[in-house]
1. Report, by residue number, each residue of segment 282-307 that is free of Cβ contacts under 8 Å to residues at least 24 places away in the same chain and either within 26 Å of LEU240 (Cβ to Cβ) or of a type in the set (Phe, Trp, Tyr) (or both).
2. Mind telling me which of the residues ASP39, ASP28 ends up being acidic (Asp, Glu) and modelled with pLDDT under 75?
3. Answer yes or no: is there a residue in segment 78-89 that is in a loop (DSSP other than H, G, I, E, B), modelled with pLDDT of 90 or more, open to solvent by less than 60 Å² (accessible area, probe 1.4 Å) and on the phi > 0 side of the Ramachandran plot.
4. Which of the following residues is within 30 Å of SER154 (Cβ to Cβ), open to solvent by 60 Å² or more (accessible area, probe 1.4 Å) and either in contact with a Lys or Arg (Cβ under 8 Å, 6 or more places away or on another chain) or of a type in the set (D, E, K, R) (or both): GLU128, GLU122, GLU58?
5. Listed residues LYS192, LYS239, LYS214, LYS199; which is in contact with a Ser or Thr (Cβ under 7 Å, 6 or more places away or on another chain), surrounded by fewer than 19 Cβ atoms within 10 Å (Cβ to Cβ) and basic (Lys, Arg)?
6. Would you pick out the residues in segment 53-64 that are assigned to a loop (DSSP other than H, G, I, E, B), within 21 Å of the chain's Cα centre (by Cα) and free of Cβ contacts under 8 Å to residues at least 60 places away in the same chain?
7. Taking segment 203-249 as the search range and keeping residues that are farther than 14 Å from LEU283 by Cα, charged (D, E, K, R) and assigned to a helix (DSSP H, G or I), which one is farthest from the chain's Cα centre (by Cα)?
8. Determine whether segment 215-225 contains at least one residue that is of a type in the set (Gly, Ala, Ser) and either closer than 18 Å to PRO247 by Cβ or in contact (Cβ under 8 Å) with a residue 40 or more places away in the chain (or both).
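The values are calculated or read from the model by the stated rules, or taken from the named source; none is laboratory data. Predicted, not measured: the structure shown is a model, and the values here were computed from it. Every residue, glycine among them, receives a Cβ derived from its backbone with ideal geometry; neighbour counts consider all protein chains shown. Calculation scope for accessible area: heavy atoms of the full protein, side chains included, ligands and nucleic acids excluded. Shrake-Rupley method; radii C 1.70, N 1.55, O 1.52, S 1.80 Å.
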Amino acid sequence: MENKKIYYSFSDYVKKKFGVKVGKISIDTDFGCAHKANDGGCRFCNLNSYKPPYIIEENIESQWINGVNNYKNRYQKFYAYFQLGTPLSPLASKESLMYANKLIYFDDCVGLMFGARSDMLEENVLKELNDLSASTNKEIWLEMGLQSSNEETSKFINRGHDYKSFSQMVEHIKSNYTNLIICTHIIFGLPKRLIEDKKAIELETREDMLKTVKDISNLPIDAVKFHQLDIVKGSYFEKLFREYSFPTIDEDFYIELIADSLSIIKDNIIIARLVGDSLGDTLIAPKWKKSKGEIINLIIKTMSKKNIIQGSQCHIEKHR
């Protein structure tokens with residue numbers, strides 16, 4: 001079976017829609033994370049571990065130009081990805097929208113992507129983004145982190161919201177702002193409790209992780225990004241990793257898990273990422289031996305071996 005028949009990849013989606021290869025250029029508005037400022041932030045996160053090296057100055061248009069120059073030999077068109085921190089929040093939305101209204105009119109820009117939290121999206125901002133997409137005929141994506149639908153896990157990682165409120169926001173957006181595209185992020189290998197008497201961290205079970213996949217597949221989302229949990233320098237989890245027995249998932253487990261996850265997720269959901277990667281020397285664990293490309297190829301081989309394709313074991317009624 002060919003790759004595109006096994007799962008609905010982001011590259012297949014953009015090539016079909018735009019006719020060319022499309023990349024993403026990270027934009028940093030330098031507002032940081034509103035959740036970190038208010039409530040300490042997610043325990044797995046250190047924003048610097050996601051910051052591309054071409055972001056070397058504050059000027060937004062220069063960030064765009066540097067990004068285009070960095071990737072112009074690989075891609076012909078680009079999304080402006082407001083990736084770092086919380087660009088859509090009461091503290092940052094006004095300035096983010098100002099930059100968005102400039103970047104979206106660039107000829108080589110096919111649309112905008114915003115890192116988003118379901119608990120910080122404002123109605124006026126959703127309306128403005130929805131109208132901007134309609135007036136420019138360009139895409140606007142909301143990259144909405146969920147990470148896990150397990151309530152115990154959400155509390156332990158200090159996510160700041162639960163699955164119920166997340167799902168309600170997704171339904172609200174899709175009912176009222178139909179031009180917006182929702183991409184949900186989930187992380188495999190998250191811890192859900194601390195066992196003090198054993199000085200150990202207990203991870204989500206395989207069943208917990210697959211339940212998150214089933215839960216998001218029952219929502220009217222457009223895309224999903226899968227990540228493994230990386231323990232990165234400067235995060236709260238670095239401290240726990242050094243003080244407790246903190247297991248991490250290995251490559252073989254992850255490959256099998258992703259293959260099974262794709263089999264139970266709806267076939268019309270774009271698979272925007274199969275595996276994550278922390279930048280530079282920030283990664284503490286897990287230090288996998290296989291490259292990102294090798295892992296993706298092994299996921300495809302595993303699915304072929306099991307004779308499964310995306311959605312082949314999905315029994316959830318489709319929204320669309």
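1. Looking only at segment 282-307, we keep the residues that are free of Cβ contacts under 8 Å to residues at least 24 places away in the same chain, and these are 287, 291-294, 296-297, 301, 305, 307.
Hits for segment 282-307 are LYS287, LYS292.
2. Working: ASP28 fails: modelled with pLDDT under 75.
After ruling out the rest, the residue left standing is ASP39.
3. Applying the first criterion (in a loop (DSSP other than H, G, I, E, B)) to segment 78-89 yields 83-89.
So of that shortlist, the ones also modelled with pLDDT of 90 or more come out as 88.
Next, only the ones that are open to solvent by less than 60 Å² (accessible area, probe 1.4 Å) stay: 88.
Within this subset, residues satisfying the condition of being on the phi > 0 side of the Ramachandran plot are none.
Within segment 78-89, none of the residues are in a loop (DSSP other than H, G, I, E, B), modelled with pLDDT of 90 or more, open to solvent by less than 60 Å² (accessible area, probe 1.4 Å) and on the phi > 0 side of the Ramachandran plot.
4. Numbers: GLU122 fails: open to solvent by 60 Å² or more (accessible area, probe 1.4 Å); GLU58 fails: within 30 Å of SER154 (Cβ to Cβ).
One residue alone meets the criteria, GLU128.
5. Numbers: LYS192 fails: surrounded by fewer than 19 Cβ atoms within 10 Å (Cβ to Cβ); LYS239 fails: in contact with a Ser or Thr (Cβ under 7 Å, 6 or more places away or on another chain); LYS214 fails: in contact with a Ser or Thr (Cβ under 7 Å, 6 or more places away or on another chain).
Within the list LYS192, LYS239, LYS214, LYS199, the selection yields LYS199.
6. Matches in segment 53-64: TYR54, ILE55.
7. GLU243
8. Initially, segment 215-225 is screened for residues of a type in the set (Gly, Ala, Ser), giving 217, 223.
Those left that are additionally either closer than 18 Å to PRO247 by Cβ or in contact (Cβ under 8 Å) with a residue 40 or more places away in the chain (or both): 217, 223.
Taking every residue of segment 215-225 in turn, at least one turns out to be of a type in the set (Gly, Ala, Ser) and either closer than 18 Å to PRO247 by Cβ or in contact (Cβ under 8 Å) with a residue 40 or more places away in the chain (or both).
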